[in-house]
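Shown next, in structure tokens, is the structure this report addresses.
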Amino acid sequence: MTSALPSPDHGQGSAAAHGMHAKHNLTGFIIFLCSESVIFLAFFSGYAMLKLGALDWLPAGVEGLEWQTPLINTIVLVSSSGTIYLAEREMGRQNIWGFRAWWLVTMALGAYFLWGQAVEWSGLKFGFTSGTFGGTFYLLTGFHGLHVLTGVVLMALMLGKSFITDNYKGGEQGVQATSLFWHFVDVIWIILFVLLYVWQRS
Amino acid sequence: MTSSPSRINFPAVAIVSAWTGVLVVISFWMSRQAYHWLPVQASTAAPLVDGLFSFETALATFVVCWVVSIITWVVLFNRADKYDMSDAEPIEGNTRLEIIWTVIPALIVFGIAFYAVRVNQQLAVLGPMEHIHRGSPVEEVGGYVGDRLPSETVEVIARQWSWEFRYPKANVSSTELHLPVDKPVTFRLVSEDVIHGFYVPAFRLKQDIIPGRAIDFNLTPTREGRYRLRDSMYSGTWFATNQADVVVESSDGFQHWLEQAASQPLQPGLSDAVQEYDQRQQAGAKGWATVRPAPRPQVNVPGSNTLPHEA
Amino acid sequence: MTTAPFDPRVLKSNAPVPGAPDNWKRFFSFNTDAKVIGIQYISVAIFFLLVGGLLAMIMRGELITPENDLVDRTVYNGLYTMHGTIMLFMFIFPILNGLNNLLIPTMIGAPDMAFPRLNAVAFWMVPVFGFILMASFILPGGPANSGWWSYPPVSTQNPLGHLISGESMWLLAVALSGVSSIIGALNFVTTIIRMRAPGMTFFRMPIFIWTVWAAQTLQLIGLPALTGGAIMLLFDLVVGTSFFQPEGGGDPVLYQHFFWFYSHPAVYVIILPVFGIFSELFSAHSRKPLFGYLFVALASFAIVFLGLIVWVHHFFPSGVPEWMRNLFMVTTMLISVPTGVKVFAWLATIWGGKIQLNTPMLFCLGGLFNFVFAGVTGIMLATVPIDIHVNNTYFVVGHFHYVIYGAAVMGIFAAIYHWFSKFTGRMYYEGLGKLHFALTFIGSNLNFFPMHPLGLMGMPRRVSSYDPEFTFWNVVASLGSFLLGVSIIPFLLNMISSWVRGPKAPQNPWQAIGLEWLLPSPPPAENFEENVPTVISGPYGYGTGKPLVENQAAYENQQFQEV
């Protein structure tokens, strides 16, 4: 072989290469979240167009949506964004048990939100097929709820992984990504709350 | 950056100008030809649309011919020898030229858009459009809403797969659309099932018919004759057969037709789909699943859809 | 000097080479090498090109006579629906992803994609949703038959009332296709942003990389909207919701907004990489730098921005208000400006160059001509009063087939010929390539040009029969389509026989400038491996004498042992 290039050194990955790879993961995840936000934006626009253009928006026998309990759920979910931030801060201080404690609190708050959503659903007097009102309500809250559930599952995974020794030597991208996802889910909920529960007349 | 040389080459400018002149002539000629590619002009909209199309054909011809000229020149005179892999002049760009060929097309585009917006305003075909409920109790209170329309309106009911035309003032219905020449007409377009398209090529006008809405649509026919109305939005199995004839006639002829029609009893109107469906069923319904055609509309005058039409 | 029968680095290569016994197995396995995945995508795509093409032949067989006399109308409607769906979701998007996989890492000096396993997952989803689509043909109700747009309410009519229907399988396949494409887009964009070789700044990237970055950005922004619309349609179909059903207060036109918000940018996803291919090939085969690199690069993102605000032009006649029609007419026409910048740049590139009329160059020139023709009919379609007349007629069908087959597919063929030697290590047969070009250019023009007069005369699209006055041009178009069908034969023969027994290729048969040409043919598994070059100049240095990378001579002299 007449090449003047040095022989390739097979199979040796360096820690630096690993770090680079991990940074790719976070970049990719952020891009994924931006893309995911578009599907919510699409559903929001659909909801708004249908609501504004409807002749009779509310189905027969439905006066509107009760907003007090959902407001409590909202406060719970927003607080959980605060607790997940605290968890990350503990991790930054190398306090792994502090991290796990706040992480668990966040998971509990998220689970409470899901339970509250289920309770609300079971008490409603309209279904998924009750016109566009029912369809958009369950579509929006259901799709969001699916993301909350995914977030709780991701957090459980991260919690499990935190017990693997030296898991965080190369960086905490999994935790960072999950946390970003959780904040995303939170912001989506705030917009949803305004669209569904605050904007009830038009 | 290595830029192209900027001395003015007079013979080249002369040749390019002369060739541009030739292309302008060809483009102008094509723009006249463009009128022949379109159907007869049978509405006030048609000359406007055709004029715009002719103008854009001229521009299109000019652009395409210029691009072909350049490619032809390059292929004829810039060929390298078969095994010659040497490089050409390293000309990487010319910022002034690039700015020119960004700005001038933008200006041309705004010019075309301005012309087109003006034509849009002149066409002004789309009337108000309201959402309706099919089978809504509100409508049932006042009777079928078609009976409450302004009298000059023609109601068009599109179905899978037939067209029904109702003239409320004269209490006439038909599956052949009759219109008086040179009089503005307002259509009220409704669909009983899926989206259809009300399209008369001779008029150059088209409007989708959306179920759940009643859409007002205005036009003025300008030429007597028999034309085709075609369903332009895919509406299912017998979509291709969902056509009707449009007969534009003198005011007197139109009045006469209305009076004749009013005296006819209701009978099944035209629907090629119904006929084909029955034949298909008898032959064993080979093929995939299909929605059943709506029954033929009961009308005073079925009319014809097999007589020769002009467009 | 080694006593092995072939270069040991080739052991890790992913193309069959003489003497390596089981390399072919890599192409049928879950392999994470982007070059293998690229070939997998391209092969699957070409298979579905043949399937979609066969459907088109049957359609044109029906349309060669005015009456409906070849297949039942329900069959025709299923055929045209599946023709469009297969050509878009099973052919053109996968083949472009295949080219991305082959070219992105090699052109930017990266060892592989950012997420190699996700990359393989994205590919393997393609045969899965392809199977779902093809399986729908054997359902009792037949496949989806409401067009590739699947507009409600006609698409939700479901006459047999079955849960598993052609339409529901269509929606499932399209949703999976969307997920696969989003995963791919994440990979491509992250790789381009993060894994370029040292010295390759954004403005030293080849234009192909710019255009792919632009195209994949559109995928990321647009696909979720399509997915959302498809989910709502699926619920309408199987659960009985009323998002788009007027009886329940829903709005069918809302679906059109969802659908076209993605599907318009989708056409730029298709054409932008082809613009990139043209930029690369016109430069290489004229031996001249690309004219106006900066404007051409930026124009790619101008097209992204404008491409997101034009979607309503697909449904001007649906009753959208006048102000909306005027707005979207202006934005649509404006896209011709950045596109024109690219076209003029290509013309200025080849002007005064040293042209080699080999197969890649022929396909690029033919593609350019077809593209310009399609562009001017596009301006006509953007003009609302004209569009009101020709929307939903064959004029539109002619326009988009000129762009897709006449420009995009020809550009893709050009790319395959141009880079064939790099990724297979063998040269294709030039004579067959030129034959392929001639048949394709004549066939596509004969097939798609007649559609323009048909549309102007008022022939609607998607019809299984037509009035007799449309016969002449339909006969011409059908004959052209059969020629186009035949044209694929020299291509298939060339690809298969060249790969199996074509002459071994030199490292850089075109003497082209680019990082991929500094790799052996075929490249080893991790491309440059530990010897990633440092880029020291911009990409199209023909005639400038400037080397592309440091120590370029070392990369240029990589020979294999003769076997």
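FYI, it's all coordinate maths here, none of it is from the lab. Note that this is a predicted model, so its numbers are computed, not measured. Note: ideal-geometry Cβ built from the backbone for every residue, glycine included; neighbour counts use all protein chains shown.
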Over 31 Å (Cα to Cα) - which of A:LYS23/C:LYS288; A:LYS51/B:LYS169; A:LYS23/C:LYS504; C:LYS434/C:LYS504; C:LYS504/C:LYS546 fall in this group
A:LYS23/C:LYS288; A:LYS51/B:LYS169; A:LYS23/C:LYS504
Pop the C-beta distance of C:VAL486 and C:THR65 into the FRET formula with R0 = 22 Å and round what comes out to the nearest 0.05.
0.55
With N set to the residue count of the range B:129-299, report its C-alpha Rg divided by 2.2 N^0.38 Å to two decimal places.
1.05
Taking 0.36 nm per residue of sequence separation and subtracting the Cα-Cα distance, how much length would be gained by fully extending the chain between C:LEU327 and C:ILE58, in nm to one decimal?
92.9 nm
Residues with amide H under 5 Å from that of B:ASN94, placed H, sequence gap 5 or more
C:GLY292
Neighbouring partner chain Cβ atoms per residue of C:536-546, average, 10 Å criterion
3
Ignore the peptide's own chain and count Cβ atoms of other chains within 10 Å of each Cβ in B:51-59; give me the average, rounded.
3
Dipole in debye (nearest 20) - the range C:34-205, about Cα centre, beta carbon charges: Lys, Arg +1; Asp, Glu -1:
840
Search the structure for amide H atoms under 5 Å from the amide H of B:VAL299, placed 1.01 Å from N in the peptide plane, and list their residues when 5 or more places away or on another chain.
B:GLN267, B:GLY269
Quick check on the exposure proxy: order B:TYR234, A:TYR85 from fewest to most C-beta atoms within 10 angstrom.
A:TYR85, B:TYR234
In whole percents, the bins of 10 Å from zero upward hold the Cα-Cα pairs of the protein assembly as shown as 2, 10, 18, 22, 20, 15, 9, 4, 1, 0, 0
Helix C:34-63 vs. chain C, principal-axis angle (Cα, 0 to 90°, nearest 10)
40
log10 I(q)/I(0), Debye, Cα-only the range A:78-202, no solvent, q = 0.11, 0.14, 0.18, 0.20 Å⁻¹?
-0.44, -0.65, -0.92, -1.07
In Å, what is the Rg of the alpha-carbon atoms in chain B, and how long is Dmax?
27.7, 88
Can you give the FRET efficiency for C:LYS25 and B:GLN33, using 1/(1 + (r/R0)^6), R0 = 45 Å, r = Cβ-Cβ distance, to the nearest 0.05?
0.15
Report, in debye and to the nearest 20, how large the dipole of the range B:129-299 comes out about its Cα centre when Lys and Arg carry +1 and Asp and Glu carry -1 on their Cβ.
440
Positive-end residue, chain C charge dipole about Cα centroid, Cβ charges, pick of C:PRO524, C:SER487, C:MET457
C:PRO524
Quick one: Karplus J couplings for the range C:462-475, per residue in order, coefficients 6.51, -1.76, 1.60, θ = phi - 60°, nearest Hz, x for Gly and Pro?
6, 9, 8, 7, 8, 5, x, 5, 8, 5, 3, 5, 5, 5
With Cα atoms, 0 to 90° folded angle of helix C:336-350 axis to chain C main axis
40
If we count other beta carbons within 10 Å of each Cβ, what is the order of A:LEU41, B:LEU123, C:LEU484, fewest first?
A:LEU41, B:LEU123, C:LEU484
Along the range B:56-71, Karplus-curve 3J(HN,Hα) (6.51, -1.76, 1.60; θ = phi - 60°) to the nearest Hz, with x for Gly and Pro, reads 5, 5, 4, 4, 4, 4, 4, 5, 4, 5, 4, 5, 5, 4, 5, 4
Would you order A:CYS34, C:CYS364, B:CYS65 from fewest to most other beta-carbon atoms within 10 Å of each residue's own beta-carbon?
A:CYS34, B:CYS65, C:CYS364
How large is the dipole of chain A about the Cα centre if only Lys and Arg carry +1 and Asp and Glu carry -1, each at its Cβ, rounded to the nearest 20 debye?
140
Restricting things to alpha carbons, tell me how big chain C is in terms of Rg and Dmax, in Å.
23.6, 80
Per-residue ³J(HN,Hα) for the range C:318-324, Karplus 6.51 cos²θ - 1.76 cosθ + 1.60, θ = phi - 60°, Hz, x for Gly and Pro
7, x, 5, x, 4, 5, 5
Can you list the aspartates and glutamates whose alpha carbon is less than 17 Å from that of C:LYS342, not counting same-chain residues fewer than 8 positions off?
B:GLU92, B:GLU98, C:GLU280
Amide H contacts of C:VAL549 (H built 1.01 Å from N, under 5 Å, at least 5 apart or other chain)
C:ILE536
Which value, in Å to one decimal place, does the Kirkwood hydrodynamic radius take for the range B:215-311 when every pair of different Cα atoms is included?
15.8
Counting only DSSP beta bridges with both residues in the protein assembly as shown, what percent are antiparallel, rounded to the nearest 5?
70
Once Rh is set to the Kirkwood radius over Cα pairs, what Stokes-Einstein translational diffusion coefficient, in µm²/s, holds for the range C:34-205 at a temperature of 20 °C and a viscosity of 1.002 mPa s?
122
Does the range C:424-563 classify as rounded, prolate or oblate by the C-alpha gyration tensor (a ≥ b ≥ c root eigenvalues; a/c under 1.5 gives rounded; else a/b over b/c gives prolate, otherwise oblate)?
prolate
Other protein chain Cβ atoms within 10 Å, averaged over every residue that makes up B:34-45:
2
Counting only C-alpha contacts under 8 Å and six or more residues apart, can you give the relative contact order of chain C as a whole percent?
18
